[in-house]
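Participant: Would you mind keeping the following structure in view while I ask a few things?
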Amino acid sequence: MKHTLAVLVENHPGVLSRVSGLFARRGYNITSLVVSETEDSSISRMTIVVDGDERIIEQVTKQLNKLIDVIKVNDVTNEDTVNRQLLLVRVNADNSAKGEIAQLMDIFRARIVDIGRKSLIVEATGDEEKIQAIIRSLQPFGIQEIVKAGIISMVRGPK
Amino acid sequence: MHINGAQILVKALEDQGVEIIFGYPGGAVLEIFDALRESSICQILVRHEQGGAHAASGYARALGKTGVCVATSGPGATNLVTGIATAYMDSVPLVVITGQVPKAMVGTDAFQEVDITGIASPITKYSYLVQDVKDLSRIVAEAFYIAESGRPGPVLIDIPRDVSLAMEYYKPCEKVDIRSYKPNLKGHPTMIKNAIRLLSEADSPVICTGGGVINAGASLEVKKLVEITGAKVVSTLMGLGSFPGNDPAFLGMLGTYGNHAANMAVQNCDYFLALGMRFDDRVVGNPEKFAPKAKIIHIDIDPAEICKNVSVDVPIVGDLKNILKEMIQHLSEGTSKPRSINYPHHNVKIEEGLNVPWVLRSLKRLAPQDLIITTDVGQHQMWTVQHYPFNRPRTLISSGGLGTMGYGIPAALGAQLAQPDKTVVVITGDGSFQMGMPELGTIAELDLPIKIIIFNNQVLGMVRQLQHHYCGKRYAGVNFKKTLDFMYLAKAYGAEGFRIENAQEVPEVLKEALGNNKFTIIECPINPEDLVSPIVLAGDGLEKMFIFPG
Ligand SMILES: Cc1ncc(C[n+]2csc(CCOP(=O)(O)OP(=O)(O)O)c2C)c(N)n1
């Protein structure tokens with residue numbers, strides 16, 4: 001099962017390589033990884049999606065905690081979170097298809113951000129499910145290229 | 001007053017109480033050696049950087065204090081790698097200092113540039129590439145703190161040449177505070193309660209001492225716990241000496257090359273208390289068949305070791321000494337009861353003759369109680385840990401986790417410098433000896449009265465034994481075809497040399513060597529056909545021990 005780990009780390013050079021090196025040498029599978037500075041510029045947040053059973057996730061968490069630069073590891077998989085991914089797709093679109101795609105993308109609240117002679121670039125954000133649905137809906141037109149950013153998550157505030 | 005970075009480094013090391021540095025020079029550490037010249041720290045010139053790291057490790061293990069070594073950039077740094085990895089696997093506190101090319105040249109494939117922090121990242125607890133001379137004082141203090149606290153281990157400080165040259169004030173680091181590193185020392189009270197309750201209910205408890213008992217200095221607590229509970233004691237290789245090997249409660253080493261009684265006790269016990277150990281595959285054999293009837297309680301300072309290889313019933317993370325004290329306090333309130341562990345087991349018979357167990361038995365008779373033994377890796381090592389009773393902590397220094405041949409001689413060098421009043425003996429094989437040889441020069445130069453016993457079987461005995469078991473006795477790449485004259489070698493290094501020819505001479509030679517206060521090399525021929533016995537083969541549970549005759 002896929003787990004999402006929110007990892008706070010020291011914003012030092014070399015930290016990313018320590019974390020990715022740990023995954024590589026212990027044979028853990030990273031599905032996605034996003035790193036960015038937090039509101040405190042001395043701390044970065046890594047959002048890591050990793051695939052594995054409970055045992056592996058427990059080991060991943062412990063090994064991450066063991067890295068000196070790691071401040072906190074939080075498994076947010078079962079928490080109430082907002083998850084977002086950013087998608088860019090270049091899709092075949094002759095003039096007749098352009099309107100149809102625009103309509104379709106409206107439903108997903110995705111946007112067309114570039115128009116070429118025979119193609120469009122669609123931009124969308126959403127959780128993984130929505131991103132998959134958009135990709136599926138564009139497949140019949142012929143997808144030329146997909147670029148996705150990793151998943152970021154934030155735990156919802158108390159209601 | 002402004003001083004250069006190298007001088008700041010040396011001052012910071014002095015402030016950490018460093019007395020000895022094992023080092024090998026080069027262009028990137030010129031300033032560091034220059035600064036050491038004026039320091040109270042004694043700089044030992046080793047003959048190979050790997051030997052420097054191993055010597056620092058032997059020093060640390062004999063003394064319970066962080067070992068320090070230094071090497072130049074590039075090949076100096078890469079020569080340290082095996083030493084660092086050996087220390088990492090056995091949780092030995094080291095601070096390793098390397099020179100680096102100047103910052104402006106880092107990343108240009110400059111002469112003698114390697115990314116040593118990158119190379120060493122999986123085998124160090126932490127590593128620093130110093131960017132600014134202003135950080136140096138703090139980094140040194142942090143490095144020692146990280147190396148020594150929690151689960152000890154090696155820390156690397158890589159210092160670019162321009163940082164060594166840069167001028168700055170030395171400001172001692174007052175206090176180390178690393179927000180992301182706070183080892184947990186106090187065990188969870190509920191877990192400790194569970195461990196105690198299960199122990200008082202148990203009929204046949206076994207306690208296993210790991211290297212963590214030695215690191216935590218918890219030998220007295222283990223002894224006390226055994227007295228109160230009547231539990232039996234077994235040990236990992238790394239834990240040997242933490243509980244007296246001559247105590248009636250002690251059953252020997254556990255594992256695939258363990259003592260039969262120890263393995264049988266563990267496979268039959270109903271309570272297994274693991275103290276500061278990591279359930280290495282050589283300790284547990286097949287993890288699925290390990291201690292099948294037992295509730296397993298695991299106390300360790302490193303949370304990542306809990307449930308890594310074997311799942312446990314009661315995990316306790318924290319400082320072993322504190323936790324054992326707490327357990328003892330509760331147990332002395334009358335919860336213990338008489339125990340019995342009944343299981344069949346086999347005692348290995350030692351035949352008089354030129355074989356390692358028998359020579360070791362003679363050595364034990366003649367040696368002082370606080371004799372320090374370092375070993376290399378191979379059959380001789382397994383015979384040593386099976387047959388030599390280690391009665392005190394820090395009297396066995398052997399590469400357990402990495403199994404590094406070439407460790408014994410440099411480790412003895414470090415141990416002898418750490419404990420100048422004790423006798424240090426290296427037990428080695430003819431293969432390992434030839435890997436550790438460079439440091440003979442250092443030992444000779446320092447005139448250290450180390451005794452090296454080479455058990456010469458003219459083969460890489462342990463590998464030969466593995467080929468015997470797993471390759472249908474097809475032996476490949478294990479025979480040394482040329483007979484070497486180790487007595488000439490002893491002479492070259494100014495060491496006293498003895499070649500034992502028959503069993504009658506053994507006590508006499510050992511006695512003389514132990515009393516001569518000189519660097520001594522003893523060669524003892526043994527039969528290449530000798531097998532370590534009993535052993536557990538790959539995939540089997542610990543109870544399935546093969547016993548070979550002889
Ligand atoms: C650096 C290194 N290389 C290879 C090995 C694999 N190995 C383990 S034991 C052994 C043979 C050791 O021979 P020797 O030192 O003569 O001891 P013996 O087994 O004969 O007692 C070898 C090659 C090792 N442990 N370390």
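Participant: Using +1 at the C-beta of Lys and Arg and -1 at the C-beta of Asp and Glu, which of B:Cys42, B:Val163, B:Pro248 has the Cα lying farthest in the positive direction of the dipole of chain B?
Facilitator: So the residue we want is B:Pro248.
Participant: I would also like to ask the following. Sort the following peptides by mean Cβ neighbour count (other Cβ atoms within 10 Å, averaged over residues), highest first: A:23-31, B:253-261.
Facilitator: Ranked from most to least packed, the peptides come out as B:253-261, A:23-31.
Participant: Determine the share of chain A's accessible area contributed by carbon and sulfur atoms, expressed in whole percent, with a 1.4 angstrom probe.
Facilitator: On the way: 4430 of 8970 Å².
On chain A, the fraction of accessible area on carbon and sulfur atoms equals 49 percent.
Participant: For chain B, give me the percentage of DSSP beta bridges that are antiparallel, rounded to the nearest 5 percent.
Facilitator: Details: 5 of 69 bridges.
So the antiparallel bridges in chain B amount to around 5 percent.
Participant: Which parts of the stretch B:135-167 would a label at B:Glu38 reach, counting a residue when its backbone N lies under 16 Å from a point 7 Å out along Cα-to-Cβ?
Facilitator: B:164-167
Participant: At 7 Å along the Cα-to-beta-carbon direction for both B:Leu45 and B:His468, put a label point, then send me their distance in nm to one decimal.
Facilitator: 4.4
Participant: If you average the C-alpha positions of the stretch B:395-456 and of the stretch B:507-533 separately, how far apart do those two centres end up, in angstrom?
Facilitator: Each part's Cα centre sits 14 Å from the other's.
Participant: Under unit Cβ charges (Lys, Arg +1; Asp, Glu -1), what dipole magnitude, rounded to 20 debye, does the protein assembly as shown have relative to its Cα centre?
Facilitator: Charge dipole, the protein assembly as shown, about its Cα centre: 1120 debye, nearest 20.
Participant: A further question on this structure: Can you pull the one-decimal nm distance between simple spin-label points at B:Lys422 and A:Asn65, each 7 Å off the Cα toward Cβ?
Facilitator: Modelled inter-label distance: 3.5 nm.
Participant: Checking an interface number: how much accessible area is buried between B and A, summed over both chains, with a 1.4 Å probe, in Å² rounded to 100?
Facilitator: Working: alone 22170 and 9740 Å², together 30370 Å².
Buried area (both sides, nearest 100 Å²): 1500 Å².
Participant: Quick check: Cα centre of the stretch B:280-325 to Cα centre of the stretch B:338-392, how many Å?
Facilitator: Computed from Cα coordinates, the inter-centre distance equals 26 Å.
Participant: Peptide B:123-135: average number of partner chain Cβ atoms within 10 Å per residue?
Facilitator: Average per residue, whole number: 1.
Participant: With r defined as the distance between the Cβ atoms of B:Gln504 and B:His330 and R0 fixed at 56 Å, what FRET efficiency is calculated, to the nearest 0.05?
Facilitator: Once rounded, the FRET efficiency stands at 0.50.
Participant: 7 Å from Cα along Cα→Cβ at both B:Gln112 and A:Arg55: what's the point-to-point distance in nm?
Facilitator: 4.8
Participant: Taking a ≥ b ≥ c as the square roots of the eigenvalues of the Cα gyration tensor of chain B, is the shape rounded (a/c under 1.5), prolate (a/b larger than b/c) or oblate? List each step's numbers first, then the result.
Facilitator: Details: a/c = 1.91, a/b = 1.20, b/c = 1.59.
Oblate shape, in that a/c is at least 1.5 and b/c is the bigger or equal ratio.
Participant: Along each of the three principal axes of the Cα atoms of the stretch A:81-155, give the extent in whole Å, ordering the values from largest to smallest.
Facilitator: Projected onto the principal axes, the Cα atoms of the stretch A:81-155 cover 43, 21, 19 Å.
Participant: Report, please, the projected area of the stretch B:356-525 averaged over directions, based on the convex hull of its C-alpha atoms, in nm².
Facilitator: Here the figure is 9.7 nm², rounded to one decimal.
Participant: Arrange the residues B:Arg37, B:Arg61 by how much accessible surface each exposes, largest first, with a 1.4 angstrom probe.
Facilitator: Working: B:Arg37 165, B:Arg61 30 Å².
From most accessible down to least: B:Arg37, B:Arg61.
Participant: Follow-up question, since we're still on this one. Distance between Cα centroids, the stretch A:11-59 to the stretch A:97-127: provide it in whole Å.
Facilitator: Here the two parts' Cα centres lie 32 Å apart.
Participant: Given +1 on the Cβ of Lys and Arg, -1 on the Cβ of Asp and Glu, and no further charges, what dipole in debye does chain B carry about its Cα centre, rounded to the nearest 20? It would help to have the intermediate numbers written out before the result.
Facilitator: Values: 49 positive and 56 negative charges, 242 e Å.
Here the size comes out at about 1160 debye.
Participant: Here's a follow-up. As an exercise, use a Förster radius of 25 Å and the Cβ-Cβ distance of B:Asp132 and A:Arg25 to find the FRET efficiency, rounded to the nearest 0.05.
Facilitator: Working: r = 30 Å, r/R0 = 1.19.
It comes out at approximately 0.25.
Participant: Right, next: How large is the accessible surface per residue of chain A, computed with a 1.4 Å probe and reported in Å² as a whole number?
Facilitator: Each residue of chain A exposes 56 Å² on average to a 1.4 Å probe.
Participant: Here's another thing I want to ask about it. Calculate the mean, over all residues of peptide B:307-317, of how many other protein chain Cβ atoms lie within 10 angstrom of the residue's Cβ.
Facilitator: Across B:307-317, the average partner-chain Cβ count within 10 Å equals 1.
Participant: List the equivalent ellipsoid semi-axes of the protein assembly as shown in whole Å, largest first, each obtained as the square root of 5λ for an eigenvalue λ of the Cα gyration tensor. Intermediate results must be reported in sequence, preceding the final value.
Facilitator: Numbers: eigenvalues 502, 226, 129 Å².
That gives 50, 34, 25 Å for the three semi-axes.
Participant: If you don't mind, another one. Can you send over the carbon and sulfur percentage of the accessible area for the stretch B:2-169, probe radius 1.4 Å, protein chains only? Display every interim value, and only then the final one.
Facilitator: Values: 2930 of 5580 Å².
Solvent-exposed carbon and sulfur of the stretch B:2-169 make up 53 percent of the total.
Participant: In peptide A:64-77, how many Cβ atoms from other protein chains are near each Cβ within 10 Å, on average?
Facilitator: Neighbouring Cβ atoms belonging to other protein chains average 3 per residue here.
The values are calculated or read from the model by the stated rules, or taken from the named source; none is laboratory data. What you are looking at is a predicted structure, and each value in this text was computed from that prediction instead of being measured. For neighbour counting, all protein chains shown are included, and Cβ atoms are generated from backbone atoms with ideal geometry for every residue, glycine included. Please note that ligands, DNA and RNA were not included when accessible areas were found on the heavy atoms of the full protein model with its side chains. Shrake-Rupley method; radii C 1.70, N 1.55, O 1.52, S 1.80 Å.
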